[in-house]
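Quick notes on the structure that follows.
Read the figures in this text as sums done on the coordinates, not as results from a lab. Remember, predicted model here, so these are calculated numbers, not experimental data. All Cβ positions, glycine included, derive from the backbone under ideal geometry; neighbour counts span all protein chains shown.
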Ligand SMILES: [Zn+2]
């Protein structure tokens, strides 16, 4: 007999100071929003108006038209007019109102009424962000009769970003990702008002960018022996690379979405694929194979060999031709010093340059590369290991081992990007996962949302060096088809941390808005992670399922706080239309319980499968 007890809804308290709930379900949350009565309807005859004197505005209008077409099937006409005036029945893009002194540098206002929709911005970039807001607000009215209309609620929004650097890293070194996938990733960044793709292009396990002067980098370095769980893509090899044409295409695509692509060319470590292509660049010059195992590899570029610096300058020269980004990432992380300690050339370099240890040799290496980049008008960014042995004079530091690197760099007047493993490492699981390495633990959505990129012990002046944040998806355990699952929905939390004012942070409100946002992600085909339900026995997490106290109360908890738990007791896999869990129950006989959380759009968690046996 199953005794029914009223369900307890486990709610969580906010981790950070809570702002007022937002009146509208946007992600990231805008600086200010006020809802009004009614809505603006978009029909086949609704035009998009832009000023003909602003050619770049037309690009944003075309983007809006294309997205509207994709979503609604409507194809609004773009009308370039002069002078541009607000018109009823139209979507008007007013860009470049710099005369309004009260506007923030990247401000965009959305003024939607029954009669008209107006996007007013200071720059083309901020207009693009206003368009993203507009697209998130777009909704289908329940069809009245035959015709279904599209509408945007009447609303006044004032919006601008908190941080200038709102990024995501994509590691295409461990696993190659195809061009269409990278473009889709860029679209998803833009949809969340993120503006940096940090593209990790070289690794021990693969060199992914064509360098014309060194063809072996992609003939040899782009291919490794497939692992047991991988489908080979060339003979028994796995891999791939981007031609320079591919790279140009991706960079241009990103630019049209106001996303800057920062390439990362790893040095002096994480370069086994390059050393397999050109063994003479390592300390001992012996033949090496492109990496197949994950981890930190001892073979690194020889810091005593001039040919290494010539090679890297040649590589970077071609990279700079392809990427207009001011920041160029050179890695700098996880470089073991063992080979340098045993290498005559490296030891000779240390004596000649008066370097007291191998950390100073690494610093010498980075400084040389920085000098080269600076001479070409670019700025070097590296992981926080570049602080060891002395920081290069103009370097930007990306802090990943906590925020200590960010604090040290900001205190010495260097710019920083925050990506601590604790909140920003999106390769870590989102729920407890025994299959993942134990040291990873897990970062759930709430934890990601609680990230504070502004370390409290920095002064206001030092805080100005915090450019923003990046979420990192390292792909040892995430080939292309797994990336969505790892990145989402945590990207949404990091996007809000980077965009929205700290004063509006409110976990419960974010979680509520996300329920609407999951529908948008469903529509975009994003297979975000839904954590599995958890079994609670007499108010405590399930211990040994074979030893449940007699008459224990069994409850299923949904840590996602969205969707519904569906369960079966007959051993079958729970489906969308399996019974919905509503009540806790008393365990009075052995049961096989299978359960999964299902979202209305069809996305769902893995199912749990537990045999519960009372003592
Ligand atoms: Zn050496």
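Observations
- Spacing of the modelled spin labels on residue 547 and residue 253, each 7 Å from Cα toward Cβ, amounts to 5.5 nm.
- Sorted peptide list for 540-553, 464-477, 288-301, criterion being average Cβ within 10 angstrom, highest first: 464-477, 288-301, 540-553
- Residue order, fewest to most beta carbons within 10 Å, for 536, 416: 536, 416
- For the chain, calculated [θ]222 nm from helices alone, where every DSSP H run of n ≥ 4 adds -39500 (n - 2.57): -8500 deg cm²/dmol
- The gain in end-to-end length when the residue 613 to residue 243 segment is fully stretched comes to 127.3 nm, 0.36 nm per residue minus the alpha carbon separation.
- Gyration tensor (alpha-carbon) shape descriptor, the chain, a/c threshold 1.5: oblate
- Cα gyration tensor shape of the stretch 534-612, rounded if a/c is under 1.5, else prolate or oblate by comparing a/b with b/c: prolate
- Take the Cα of residue 86, step 7 Å toward its Cβ, do the same at residue 338, and the gap between the two points is 6.9 nm.
- Sequence of 282, 422, 126 once ranked by neighbouring C-beta atoms within 10 Å, starting from the fewest: 422, 282, 126
- 15 Å cut-off, amide nitrogen to a point 7 angstrom out along residue 401 Cα→Cβ, residues in the stretch 349-373: 358-360, 362-363
- FRET efficiency, 1/(1 + (r/R0)^6) with R0 25 Å, evaluated for residue 156 and residue 460 via beta carbons: 0.20
- Proxy reagent accessibility, fewest Cβ within 10 Å first, across 407, 386: 407, 386
- For the peptides 317-325, 488-496, 38-46, residues were scored by their other Cβ atoms within 10 Å and the scores averaged per peptide; the highest-first order is 488-496, 317-325, 38-46.
- The chain: relative contact order as a whole-number percent, Cα under 8 Å and 6+ apart: 13 percent
- Residue separation of residue 183 and residue 379 scaled by 0.36 nm, minus their Cα-Cα distance, works out to 68.0 nm of gained length.
- Remark: spin-label model distance residue 139-residue 314 equals 6.0 nm, labels positioned 7 Å along the Cα→Cβ axis.
- Between residue 512 and residue 580, the FRET efficiency from the beta-carbon distance, with R0 = 25 Å, is close to 0.80.
- Taking each residue as 0.36 nm, the span from residue 294 to residue 321 lengthens on full extension beyond its C-alpha to C-alpha distance by 6.6 nm.
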